[in-house]
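The values are calculated or read from the model by the stated rules, or taken from the named source; none is laboratory data. On a predicted model such as this, the values are computed, not experimentally measured, just so you know. When we count neighbours, we look across all protein chains shown, and the Cβ atoms used for this are built from the backbone with ideal geometry, even at glycine. Surface areas here come from the heavy atoms of the whole protein model, side chains and all, with no ligands, DNA or RNA. Shrake-Rupley method; radii C 1.70, N 1.55, O 1.52, S 1.80 Å.
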Amino acid sequence: MRALALIDGEHYPDVVRVAFAVLEHEVVGAVMLGGTEKLRGGEDYGVPVFNTLEEGFESVAPEVVVDLSDEPIADPPRRFRIASRTLARGVPYVGADFRFDPVRFEPFDLPALAVIGTGKRVGKTAVTGHIARLLSRDREVVVVAMGRGGPQEPVVVDREPEIAELLELSRAGGHAASDYLEGAAFASVVTVGSRRAGGGLAGAPFYSNVSAAAELAASLAPDLVIFEGSGAAIPPIAAGMRVLVVGATQDPETVIGYLGAYRVLLSDLVVLTGCEEPLADEEQVRKLRRAIAEVGREVPVIETIFRPRPVSDVRGRRVAYFSTAPGGAHARLREHLRREHGADIVHVSGNLSRREELRADLASLEARSAELYLVELKAAAIDVVAETAAERGVPIVLCDNEVRTVDGESLDERMLDLADAVMGIRA
């Protein structure tokens with residue numbers, strides 16, 4: 001394989017040339033990362049030497065990047081930044097005792113977008129649903145959702161699932177709050193469910209059946225397919241454009257550190273979620289914006305918040321609301337449901353992903369204190385909350401998370417432009 005070597009001036013040139021000779025790859029160029037201690041001037045490495053990684057890529061088109069540098073020139077943070085830039089070009093990055101590979105994206109013949117994230121519970125499914133609803137106004141859209149609790153074989157859901165159907169699935173041992181079901185319930189588009197296990201630092205799933213799900217989606221002949229990631233794992237299917245969802249509460253080092261920058265470099269739009277106090281103040285949001293800008297790709301960033309949107313009327317009802325929202329957001333969500341949906345909120349729980357605490361919340365509710373349970377379709381929504389509601393004879397209403405922008409930017413306009421570009425409607 002044609003290799004681009006990373007070298008530094010802390011090594012004598014003859015040592016580097018010998019290392020070139022013993023590599024299993026053909027070194028066709030090198031990038032000088034810095035350092036002068038072992039350099040006298042006029043060094044000849046036997047290959048062209050470039051000042052930047054980008055120069056090297058443009059000049060010799062390597063198939064692998066081999067790191068022959070070391071600290072203090074290439075410390076771990078710098079190596080991860082170099083790895084992200086290398087992987088974003090679809091090329092492996094290899095060192096003495098490590099190897100990072102880019103996600104291998106399988107070809108896909110239809111126009112496709114992907115929604116990926118920097119972690120769990122950053123709002124990918126809500127953002128995907130918002131995008132799907134928007135784009136389905138004038139085109140046929142199918143969503144392929146990849147989840148850790150997805151079905152053994154890809155499943156098509158072409159209508160909103162009923163609570164009774166979700167309970168039946170849960171009682172049969174299935175995950176009845178998987179992302180594909182959440183998408184079908186709220187996005188009002190055809191959804192294909194798939195599964196994955198494990199996720200690498202770059203985002204490749206250890207195992208998935210997304211390829212089969214992609215084939216199933218293509219067989220439905222939509223105008224556009226949206227692939228939804230899982231946690232920080234990326235659907236291994238080629239997409240014309242990608243949207244990266246970042247939680248505003250996340251540490252900037254988590255977002256762009258390690259191989260986080262790789263996800264930024266793959267993306268054409270960043271959606272920051274939870275951009276409000278007490279979750280994330282203005283300084284935290286500015287830090288994230290600066291960190292994303294430091295990656296070196298000029299990608300638009302849009303700030304958003306979430307607001308609960310019941311799928312049925314809850315006006316005038318005494319409601320217990322179950323979500324995954326952190327405690328700091330509960331007062332605002334309670335007030336929103338009261339003001340915009342007319343609900344009398346008698347209890348708010350953010351424990352859907354913590355079953356023991358969730359059961360304690362349900363046990364604390366007096367039989368007649370709530371006449372309706374409002375629940376996000378996540379985690380233990382069905383096997384705990386819906387089951388308890390069925391036992392108590394309390395009606396249950398599903399609740400979506402509505403995406404709202406807060407920085408004056410239009411998410412909808414950005415998404416329409418991306419979709420049009422993917423579909424070739426306009427450049």
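For segment 66-75, the Karplus equation 6.51 cos²θ - 1.76 cosθ + 1.60, evaluated at θ = phi - 60°, returns couplings of 10, 8, 9, 8, 6, 5, x, 6, 10, 7 Hz by residue, with Gly and Pro reported as x.
By a 1.4 Å probe calculation restricted to protein chains, HIS336 has an accessible surface near 0 Å², given to the nearest 10. A straight Cα-to-Cα reach below 27 Å connects LYS378 with the lysines LYS120, LYS124, residues fewer than 8 places away in its own chain not being considered. Mean residue ellipticity, 222 nm, helices only, the chain: the sum of -39500 (n - 2.57) across DSSP H runs of n ≥ 4, divided by residue count and rounded to 500, is -9500 deg cm²/dmol. Relative to one another, the C-alpha centroids of segment 211-273 and segment 279-309 are positioned 16 Å apart. Each DSSP beta bridge with both residues in segment 185-319 is either parallel or antiparallel, and the antiparallel ones are about 25%.
Loop-resident trypsin sites (Lys or Arg not before Pro) (DSSP state other than H, G, I, E or B) in segment 148-208 with no more than 12 further Cβ atoms inside 10 Å of their Cβ: ARG159.
LEU224 contributes an accessible area of around 0 Å² to the protein surface, as traced by a 1.4 Å probe with all chains present.
Where [x] 23.4; [y] 25.7; [z] 24.2 are the candidate values, the label of the one calculated here for Kirkwood radius over Cα pairs in Å is [x].
Only Lys, Arg, Asp and Glu carry charge here, each on its Cβ (+1 for the first two, -1 for the last two); on that basis the chain has a dipole of about 880 debye about its Cα centre.
What a 1.4 Å probe finds exposed on segment 1-154 is 48% carbon and sulfur by accessible area, rounded to a whole percent.
Using the Cβ of LEU362 as centre and a radius below 13 Å, the other residues enclosed give a net charge of -3, where K and R count +1 and D and E count -1. Carbon-plus-sulfur accessible fraction, segment 322-427 (probe radius 1.4 Å, protein heavy atoms only): 44%. Annotation for GLU335 and THR52: the two label points, set 7 Å from Cα along the Cα-Cβ direction, are 4.7 nm apart.
Using the 1.4 Å probe convention, the accessible area of the chain works out to 44 Å² per residue with neighbouring protein chains retained. Across the chain, where is the longest run that never hits GluC sites (Glu not before Pro) in a DSSP loop with at most 11 other C-beta atoms within 10 Å? So the longest stretch without any such site is 163-297.
Relative contact order for the chain: 14 percent, from Cα pairs under 8 Å spaced at least 6 residues apart, divided by residue count.
Express in whole angstrom the spacing between the alpha-carbon centres of segment 184-209 and segment 348-427. One Cα centre to the other: 18 Å. Compared with the dominant principal axis of the Cα atoms in the chain, helix 411-423 is inclined by about 60°. For segment 314-368, the list of trypsin sites (Lys or Arg not before Pro) that fall in a loop by DSSP and count at most 16 other C-beta atoms within 10 angstrom reads ARG315, ARG354, ARG368.
Reducing segment 52-87 and segment 138-177 to their Cα centroids gives an inter-centroid distance of 42 Å.
Length gained on full extension, GLU162 to ARG354: 66.7 nm, using 0.36 nm per residue less the C-alpha separation.
Where does helix 13-22 land angle-wise versus the long Cα axis of the chain, in degrees 0 to 90, nearest 10? Here the helix axis deviates by roughly 70 degrees. Seen against the Cα atoms of the chain and their longest principal axis, helix 282-294 is set at about 40 degrees.
Of all stretches in the chain that contain no chymotrypsin sites (Phe, Trp or Tyr not before Pro) in a DSSP loop with at most 12 other Cβ atoms within 10 Å, the longest one is 207-427.
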